[in-house]
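The values are calculated or read from the model by the stated rules, or taken from the named source; none is laboratory data. These numbers come from a predicted model, not from an experiment. Note that we place each Cβ from the backbone using ideal geometry, even for glycine, and neighbour counts take in every protein chain shown. Heads up: the accessible areas ignore ligands, DNA and RNA and are worked out on the full protein's heavy atoms, side chains in. Shrake-Rupley method; radii C 1.70, N 1.55, O 1.52, S 1.80 Å.
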Amino acid sequence: MLNEKLLDALNEQMNYEFYAAHTYMAMAAYCSSESIDGFANFFLVQAEEERFHAMKFYNFINALGERATITGFETPNNQFSSILDVFEKALTQEKEVTKRIYQLSDLAWDTREHATINFLKWFIEEQVEEEDMFDSIIHKLKRIDDDSNTFFMMDDEFSKRTFTPE
C-alpha cells in the first residue's frame with residue numbers, strides 16, 4: 001500500500017500529463033490555423049506522447065493495487081504570437097514537468113517506495129530528452145529567422161514525425 005501523500009502525487013502527475021497533452025493540442029491548433037501542418041503534426045504527436053506518459057502513471061498506480069483518480073484541469077493557453085513563441089512555451093512546460101518529476105522522485109525516496117523510485121527513472125531520462133529536443137528546435141528557429149525555405153523544410157520534416165510507444 002502506497003503512502004497517501006505519494007499516491008496523491010502520482011495521481012496529480014498523471015493528470016498533469018493529460019493536461020500537457022491538452023496543451024500540445026492547443027499548440028497544434030495554432031499551427032493548423034497558421035497553415036503550418038508539419039508543425040501541427042509535431043504537436044499532435046507530442047500530445048500522443050503525453051497521453052502515453054499519463055497512461056504509464058495510470059497503469060502503475062493500478063498495478064500497485066491503488067486507484068487512479070482522474071480530475072479536470074484548467075484551459076490551456078491558446079494565444080501564441082509566433083511558432084517560436086509556441087516552442088518556447090512548450091519548453092517551459094517541459095521544464096515544469098521535469099521539476100514535478102524530480103519532486104515526485106524526492107517524495108518516493110523520502111518514503112522509501114522503491115517500486116516508484118524505479119518507475120520514475122524512465123521519466124527522468126525522458127525529460128532530459130524532451131528538454132534537449134525543444135531547446136534544439138528553438139535554437140534552429142532563432143537561427144533561420146526569416147529564411148522561409150529552411151522554415152518550410154522544418155515543416156516538411158515535422159510532417160513525417162510519428163509516435164511509436166516503446
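Quick check on the chain: helices-only [θ] at 222 nm, where DSSP H runs of length 4 and up contribute -39,500 (n - 2.57) each and the sum goes over total residues. Nearest 500, please. Calculated mean residue ellipticity at 222 nm is -27500 deg cm²/dmol.
Kindly provide the trypsin sites (Lys or Arg not before Pro) of the range 111-166 that DSSP labels as loop, not H, G, I, E or B, and whose Cβ sees at most 15 other Cβ atoms within 10 Å. Walk me through the numbers before you get to the answer.
On the way: sites: ARG112, LYS121, LYS140, LYS142, ARG143, LYS160, ARG161; in loops: ARG112, LYS160, ARG161.
For trypsin sites (Lys or Arg not before Pro) across the range 111-166 that sit outside H, G, I, E and B with at most 15 neighbouring Cβ atoms in 10 Å, the list reads ARG112, LYS160, ARG161.
With the alpha-carbon atoms of the range 11-69 aligned to their principal axes, the span from lowest to highest coordinate is 46, 14, 9 Å, starting with the largest. Seen against the Cα atoms of the chain and their longest principal axis, helix 4-33 is set at about 10 degrees. Give the Debye-formula value of log10 I(q)/I(0) at each listed q (0.13, 0.23 Å⁻¹), with one equal scatterer per alpha carbon of the range 21-107, two decimals each. Once normalised to I(0) and log-transformed, intensities are -0.51, -1.18. Placing +1 on the Cβ of every Lys and Arg and -1 on the Cβ of every Asp and Glu, with nothing else charged, gives the chain a dipole about its Cα centre of roughly 400 debye. A Gaussian network model of the chain, with springs between Cα atoms under 10 Å, assigns the largest mean-square fluctuation among MET153, MET14, MET25 to MET153. Within the range 60-162, the GluC sites (Glu not before Pro) that combine a DSSP coil assignment with at most 16 other C-beta atoms in a 10 angstrom radius are GLU66, GLU74.
Restricting the chymotrypsin sites (Phe, Trp or Tyr not before Pro) of the range 68-107 to loop positions (DSSP other than H, G, I, E, B) with no more than 14 neighbouring Cβ atoms within 10 Å leaves PHE73. Restricting the calculation to alpha carbons of the range 116-166 gives Rg and Dmax of 15.1, 47 angstrom. Of the whole protein surface, HIS114 contributes about 120 Å² of accessible area at a 1.4 Å probe radius. Axis angle, to the nearest 10 degrees, between helix 37-63 and the longest C-alpha principal axis of the chain: 0 degrees. Within the accessible area of the chain, the carbon and sulfur atoms contribute 50%, probe 1.4 Å, all protein chains present.
Cα convex hull of the chain: how many Å³ per residue? Let's see the in-between values first.
Working: hull volume 16.9 nm³, N = 166.
Enclosed volume per residue, from the Cα hull, is 102 Å³.
Can you tell me how much longer the chain between ALA63 and MET153 gets when fully stretched, taken as 0.36 nm per residue apart minus their C-alpha distance, in nm with one decimal?
Numbers: separation 90, 0.36 × 90 = 32.40 nm, distance 4.38 nm.
Stretched fully, the ALA63-MET153 segment lengthens by 28.0 nm.
Over the range 88-139, the fraction of Cα-Cα pairs per 5 Å bin, rounded to whole percents and listed from the shortest bin up, is 5, 22, 27, 18, 13, 9, 5, 2. Spin-label pair ASP106-SER136: with each label point 7 Å from Cα along the Cα-Cβ axis, the two points sit 3.0 nm from one another. Mind checking which lysines have their Cα closer than 28 Å to the Cα of LYS121? Skip sequence neighbours fewer than 8 apart in that chain. Output for LYS121: LYS5, LYS56, LYS89, LYS95, LYS99. Taking the longest Cα principal axis of the chain as reference, the axis of helix 83-110 is set at about 10 degrees.
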